[in-house]
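Written below as structure tokens is the structure these notes are about.
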Amino acid sequence: MTALTDPMHRHHKHCDTLFADAEAAAAKGDWQAATRDFHAFQLELETHFRTEEEVLFPAFEATTGMTGGPTQMMRFEHAQMRDLVARMDDSVQVRDAAGFAGAAETLLILMQQHNMKEENILYPMCDRSLASQSGTLGAQLSERLDATCLTTP
Amino acid sequence: MHPNLSFEQAPPIAVPFRFFLTAPLFGIAAGLLLFLQGGEMLASRWMPAALAATHLLVVGFMLQAMCGALLQFVPVAAGGNIWRPRLVAGIVHPVLAAATVLLVSAFLTQRPALFTAAAHSFVLGLGFFGTVVSAALWRTPARGPTIVALRIALIALLVTMALGATLATGLARGNQWPLLMLTDIHAAWGLGGWALVLLAGVSYFVVPMFQLTPAYPAWLARGIPLLLLAVLLLWSLQFVGANESVFKLVFLGGLGVGALFAAGTLHIQSRRRRKVGDTTLLFFRTAMLSLLAILLSACVFLALPPVGSDPRAAVWVGLLAMVGVFVSAISGMLYKIVPFVSWLHLQRICGLGTLPPTMNQMLAEAAMRRQFYVHLLALGLLLSAVWVPGVARMAGLVFAIDCAWLAWNLIQAVQAYRGFRDRIRVAAEGC
């Protein structure tokens with residue numbers, strides 16, 4: 001059975017792959033590829049965050065009335081990750097391999113920990129509480145996530 | 001209450017760190033003991049100095065690090081609320097450290113009062129720790145193979161403790177108990193139950209996270225802790241009657257389950273999406289290869305009875321397990337946990353928009369890599385020293401350097417954390 005948040009799960013993996021490509025290119029000193037892959041990752045990650053913040057979380061909050069709990073914490077972690085992505089962006093621009101690797105290492109663990117909380121806790125809560133809207137909301141999530149996927153290499 | 005809220009109850013940074021920074025000191029002590037005693041110490045696992053060094057490693061190094069890690073891991077990754085973690089760490093950490101010193105002194109001096117004091121201290125410290133962590137682990141709303149593994153590991157820890165306390169009391173009173181058989185059961189619950197099941201449960205969580213590997217197959221993740229528990233229960237039937245060939249099979253079965261976990265881990269690591277390798281991956285691979293080597297060694301020992309019946313065979317297996325598997329895996333994990341937890345705490349102190357040093361700035365990859373090579377050298381020398389006693393002193397010294405370097409690297413990360421924290425505080429006061 002497909003769940004409402006299935007596209008979100010898949011998109012986590014997609015972002016992971018782009019992250020790994022960018023990190024590997026920077027480690028090899030291939031800055032052209034690193035810049036391209038990093039920007040693809042940055043775009044996809046931001047799309048993911050905004051899809052959650054603008055579509056999924058508001059729907060969850062409206063249905064459950066929970067505005068200060070889990071979604072608030074996820075928004076805070078998005079902000080933490082945006083800080084690190086901005087740092088990676090600065091490093092890519094000046095081709096600072098050590099700075100990029102350091103921010104990437106930290107982002108990776110933060111991002112994985114965040115994804116696990118979403119996949120194990122928040123998404124199942126969304127699947128349960130938003131089951132009645134799963135058709136329209138699921139399509140909306142897919143559309144938002146795919147729109148960017150189609151524009152990236 | 002929603003489970004996600006409890007995920008934010010990470011303990012104060014000093015709670016896990018006091019355990020993490022103490023663990024390598026016991027490793028240094030174990031290395032120095034071998035350096036002072038020389039090759040004779042590795043002739044048999046029953047040598048008093050060998051028993052002392054074993055416990056410097058298993059309760060000094062491993063148990064310290066694992067208790068600290070659980071106090072961090074249970075609330076953050078398993079959704080379990082630890083009751084007053086600062087107080088728990090403030091009691092458990094010094095009690096375990098003191099208990100270790102008492103036990104090691106007891107083995108070295110053979111004084112009954114020290115055995116009794118050590119037994120009481122362990123029961124006090126681990127009984128308290130076990131109660132608090134059990135309460136958190138049995139009330140967590142989280143589910144899955146990691147939770148099952150942590151629960152089994154904790155039960156195994158308490159069984160190990162009970163058997164250990166019985167043994168220590170038996171040694172203190174000179175009872176005519178079957179101490180050798182009890183020791184085998186105690187060691188199996190400690191290494192194969194507590195340590196290996198805990199390592200498996202934590203690996204299910206961190207291996208995919210650190211290297212972007214696929215998840216462990218569900219059957220493997222669920223099966224390993226349950227199979228190990230079944231093997232340990234069968235192994236404990238030695239209490240009621242012993243058919244030696246059956247227990248040899250049970251022993252091999254247990255090692256086979258360990259090898260299955262190792263092969264599974266190496267397999268998913270080979271399919272990792274993260275292409276950049278790091279020191280933690282090298283430590284983990286060393287640990288998993290050592291776990292496979294234990295099964296291989298046991299098969300060789302069974303096939304070649306003259307070698308297998310040599311008391312040094314058990315020392316070989318013990319060193320592979322303690323230094324090869326657990327010291328390696330713990331070192332690799334500390335290299336991720338200490339800088340990441342430091343970064344997370346700094347990030348929370350300074351708020352968004354201010355950038356604390358990244359993990360690599362707190363602990364450089366090159367420093368970790370150099371220490372890893374010393375660790376490999378120490379492991380190689382220790383294993384050689386089992387059969388070539390002449391290299392034992394050098395092996396002890398290199399292992400002490402290995403652990404001292406680990407401690408030094410971790411202290412560098414903590415210093416970076418403190419330096420940045422103090423700068424934030426000064427800046428905040430100036431506003």
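All of the numbers you see were taken from the coordinates with simple rules; none came from a lab. Since the structure is predicted, the reported quantities are computational estimates derived from the model, not experimental observations. All Cβ positions, even for glycine, are placed from backbone atoms using ideal geometry, and neighbour counts span all protein chains on display.
For peptide B:334-342, what's the mean number of Cβ atoms from other chains within 10 Å of each residue's Cβ?
2
What is the helix-to-structure angle for A:31-51, meaning the angle in degrees between its Cα long axis and the longest Cα principal axis of chain A, kept from 0 to 90 and rounded to the nearest 10?
Compared with the principal axis, the helix lies near 20 degrees.
Which is farthest toward the positive dipole end of the protein assembly as shown among A:PHE38, B:LEU334, B:PRO306, measuring Cα position about the Cα centre, with Cβ charges +1 (Lys, Arg) and -1 (Asp, Glu)?
The residue sitting farthest along the positive end of the dipole is B:PRO306.
If neighbour count is taken as other Cβ atoms inside 10 Å, put A:ASP146, B:ASP402, A:ASP127 in order from fewest to most.
By the 10 Å Cβ count, ascending, the order reads A:ASP146, A:ASP127, B:ASP402.
Taking the Cα centre of segment B:3-419 as origin, sum charge times position over the Cβ atoms of Lys and Arg (+1) and Asp and Glu (-1), and report the length of that vector in debye to the nearest 20.
840 debye
Specify the inter-centroid distance of segment B:16-86 and segment B:341-378, based on alpha-carbon positions, in whole Å.
Computed from Cα coordinates, the inter-centre distance equals 22 Å.
Only helices at least 27 Å long along their own axis, judged from Cα atoms, and with Kyte-Doolittle mean hydropathy of -0.5 or greater: name those in chain B from DSSP H.
In chain B, the long hydrophobic H runs are B:14-37, B:85-109, B:112-139, B:145-173, B:218-236, B:244-270, B:279-303, B:328-350, B:365-387, B:392-430.
With no solvent and one equal point scatterer placed on each C-alpha of the protein assembly as shown, evaluate the Debye formula and give log10 I(q)/I(0) for q = 0.07, 0.08, 0.09, 0.10 Å⁻¹, two decimals.
Evaluating at q = 0.07, 0.08, 0.09, 0.10 Å⁻¹ gives log10 I(q)/I(0) of -0.44, -0.57, -0.72, -0.88.
Would you work out the charge dipole size for chain A about its Cα centre, treating the Cβ of every Lys and Arg as +1 and the Cβ of every Asp and Glu as -1, and quote it to the nearest 20 debye?
100 debye
Please order B:SER297, B:SER245, B:SER44 by the number of other Cβ within 10 Å, starting at the fewest.
B:SER245, B:SER44, B:SER297
Order of B:MET288, A:MET74 from fewest to most other C-beta atoms within 10 Å?
Fewest to most other Cβ atoms nearby, the residues stand as A:MET74, B:MET288.
What is the distance in Å between the Cα centres of segment B:225-272 and segment B:88-158?
23 Å
Can you tell which of B:THR166, B:VAL323, B:ALA10 lies farthest toward the positive end of the dipole of the protein assembly as shown, using +1 and -1 charges on the Cβ of basic and acidic side chains (Lys, Arg; Asp, Glu)?
Sorting the options by dipole projection puts first B:THR166.
More than 33 Å apart: what percent of Cα pairs in segment B:3-419 qualify?
I get 28 percent for the Cα pairs in segment B:3-419 exceeding 33 Å.
Can you give the mean number of other chain Cβ atoms that lie within 10 Å of the Cβ atoms in peptide A:110-120?
If you average over the peptide's residues, the count of other-chain Cβ atoms is 4.
Sorted by mean Cβ packing within 10 Å, highest first, what order do the peptides B:333-342, B:113-122 take?
B:333-342, B:113-122
Just counting partner chain Cβ atoms within 10 Å, what average do the residues of peptide B:270-281 show around their Cβ?
3
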